[in-house]
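Heads up: the structure comes next, in C-alpha cells.
The values are calculated or read from the model by the stated rules, or taken from the named source; none is laboratory data. Computed from a prediction, not measured in an experiment: that's the story for all the values here. Glycine gets a Cβ as well: all are built from the backbone with ideal geometry, and neighbour counts include every protein chain shown.
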Amino acid sequence: MKRRTLLLLVLVTGLGAIAAAVVARRGPARQTVDLAGVTRKAQFRSTVTASGEIVATRYADIGSSVMGKIVSLPVAEGDRVTAGQILARIDPVQAQSELVGATEQANALRADEQAAADARLRDASQRLARAQQLSAEGLAPASDLDAARAAADAAAAQVGAVRAAAARVRQSLAAAARRVAQARAQQTSRRDILLKTAVASPIDGIVTRLRVREGEMVVIGLQNQPGTTLMTVSDLGAIDAEVKVAEADVLRLAIGQPADVTLEALPNRRFAGHVVEIGASALPVAGTGAAAREFKVVVRLENPDPGLRPGLTCDAEIVTAERTNVLTVPLQSVVLRTGADGLERSGVFGLRDGVAVFTPVTTGAIGGLDIEVSGVAENATIVSGPYQTLRDLQDGALVRATPPQD
C-alpha cells in the first residue's frame with residue numbers, strides 16, 4: 001500500500017514538472033489585439049454633425065396684449081399676410097366701455113376743476129383790488145397819528161394776505177391741471193387697449209402655425225405664466241437649419257464655416273449653407289438628471305427649396321477643417337500614456353516581433369472615425385483595439401493579432 005502511494009506521488013510530481021516546462025517554453029500569456037494601418041488621404045475633412053429642424057430666418061409668434069374672447073379670426077394656416085393686416089379681433093366691448101368712462105371722467109374733471117379754480121381766482125383778485133384801494137386812500141382817523149399808522153399797517157397786511165391767497169389759488173389751479181393730465185393719461189391708456197383688441201401682423205409672410213380658434217379665450221402673460229400665442233407668421237424668403245451641437249464639438253465651430261444640410265423629407269438632396277449663429281450658452285436641460293449639454297447653432301441655407309416648411313427635421317454636417325495629403329489612423333487607436341519624465345503624451349502602439357511599442361504622435365483634425373497624425377510612417381501597422389485592451393496596454397507588452405474571420 002505504501003509502495004503504491006509512493007508511485008502515485010512520483011507520477012504526479014513528474015507530470016507537474018512536465019507541465020511547468022511546457023508553460024516556461026511558451027512564455028507569458030499574449031494579449032489579443034486588433035490591427036489597423038496608417039493611411040494617407042489626399043483630402044481629409046473634419047466635420048461636426050448635428051440634428052435639428054428647419055425654421056424661417058424671420059418669423060414672429062403673435063400674442064395678445066389684452067385678455068378676452070376671439071370674436072373674429074379672418075386668416076387660416078397657410079395664408080399669406082402683409083404687415084399691418086388684421087389677423088384676429090378680441091372682444092372690444094369692455095375696452096370700449098372703459099374708454100368711454102375714462103373720457104367722461106376726464107372731461108368732467110377738467111370742467112369742474114377749471115370752474116372752481118376760476119371762481120377762486122376772481123374772488124382773490126377782487127379782494128386784492130379793494131385792499132389796494134383802501135390803502136391808497138388812507139382811510140384812517142386823522143386825529144390819531146398812531147391809529148393812522150396802525151390802519152396803514154393793517155391795510156398793508158391785508159394786501160399781503162390777499163396776495164398770499166392769490167398765490168394759493170394759482171397753486172390750486174396747477175394741481176387741478178395735474179389731475180386733469182392724469183385723467184387724460186388714463187383715457188389714452190384705455191384708447192390704446194381698445195386699439196390692441198385688433199391684432200395685426202408685424203411682418204409680411206405666411207401663417208405657418210395657427211394655435212387658436214374663433215371663440216376661444218386668450219390671456220396675457222403674467223410673471224412666469226406665458227400668455228396665449230395665437231399664431232406664427234414666417235417670412236419664407238430665407239430658411240435656416242437650427243440644430244443642437246454637443247458641447248464636445250461646439251468649440252470647433254466658427255461663424256462662416258460651410259455646411260451640408262439633408263432632410264428626411266428629401267432624402268436625395270443636399271442643401272449647401274454656412275454657420276450664421278452659435279449659441280453663447282447651453283440650452284436648458286429638461287429634468288433634474290445629469291445630461292450632456294447642447295448648444296444651438298443656426299445654418300443659413302444658400303438656395304432653399306420653395307417647398308421647405310418650418311418644422312421639418314434635418315441633419316447638418318459642418319466642415320470645421322480641411323486638409324490635403326495627410327496621414328490618418330482610427331480615432332480610438334490614439335491613447336494617452338505617461339512617459340519617464342512624468343508628462344502625458346498622445347501616441348499609438350505599433351507592433352514589432354509580437355511586442356507592443358508605444359510611439360508618440362502629434363494629432364490634428366478629427367474627421368468621422370479617423371484622426372490626423374504625424375510622427376508615424378505611412379502604412380505602418382498599429383493596434384486599433386479592442387477598447388478595453390487598449391486602455392490598459394503598456395509599452396513592451398506581448399500581443400498577438402486577432403485571427404482573421406472567415
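In segment 322-336 there is at least one residue that is under 30 Å from ASP392 (Cα atoms), small (Gly, Ala, Ser) and over 19 Å from the mean Cα position of the chain (by Cα).
Does segment 252-265 contain any residue that is among the hydrophobic types (A, V, I, L, M, F, W, C) and exposed (fewer than 12 other Cβ atoms within 10 Å of the Cβ)? Spell out how you get there, then give the answer.
To start, the set of residues in segment 252-265 that are among the hydrophobic types (A, V, I, L, M, F, W, C) comprises 253-255, 259, 261, 263, 265.
Those still in the list that are exposed (fewer than 12 other Cβ atoms within 10 Å of the Cβ) too: 254-255.
Yes, that holds for at least one residue.
Right, THR57: closer than 20 Å to ALA254 by Cα, more than 20 Å from the chain's Cα centre (by Cα), assigned to a strand (DSSP E or B) and of a type in the set (S, T, N, Q) or not?
So THR57 does not fit the description; no.
Count, please, the residues in segment 331-355 that happen to be surrounded by 15 or more Cβ atoms within 10 Å (Cβ to Cβ), out of contact with any Gly (no Cβ under 7 Å at 6 or more places or on another chain) and part of a strand (DSSP E or B). Qualifying residue count, segment 331-355: 6. The number of residues in segment 357-372 being touching a strand residue (DSSP E or B) at 6+ places or on another chain (Cβ under 6 Å) and in contact (Cβ under 8 Å) with a residue 40 or more places away in the chain comes to 7.
Note on segment 393-406: among residues that are in contact (Cβ under 8 Å) with a residue 12 or more places away in the chain and of a type outside the set (D, E, K, R), the one that is farthest from SER346 (Cα to Cα) is THR402.
Whenever a residue of segment 377-392 is within 12 Å of VAL335 (Cβ to Cβ), its partners that are not hydrophobic (A, V, I, L, M, F, W, C), lying with C-beta atoms within less than 6 angstrom and at least six residues away or across chains, give the pairs ILE382/SER333; ILE382/GLY350; SER384/ASP34; SER384/PRO330; SER384/SER333; GLY385/ASP34; THR389/GLN31. Just one of (1) among the hydrophobic types (A, V, I, L, M, F, W, C); (2) exposed (fewer than 12 other Cβ atoms within 10 Å of the Cβ); (3) at pLDDT 90 or above; (4) assigned by TED's automatic domain parsing to the domain that holds GLN388 fails for ILE371. It is (2).
Looking at PHE271, PHE295 in this structure, which one is over 30 Å from LEU35 (Cα atoms) and either part of a loop (DSSP other than H, G, I, E, B) or under 21 Å from the mean Cα position of the chain (by Cα) (or both)?
Result: PHE295 is the single residue among PHE271, PHE295 that is over 30 Å from LEU35 (Cα atoms) and either part of a loop (DSSP other than H, G, I, E, B) or under 21 Å from the mean Cα position of the chain (by Cα) (or both).
Given the structure, is VAL261 over 18 Å from the mean Cα position of the chain (by Cα), within 30 Å of GLY68 (Cα to Cα) and β-branched (Val, Ile, Thr)? So VAL261 does not fit the description; no. Of the residues making up segment 68-104, those that are of a type in the set (S, T, N, Q) and either assigned to a strand (DSSP E or B) or modelled with pLDDT of 85 or more (or both) are SER72, THR82, GLN85.
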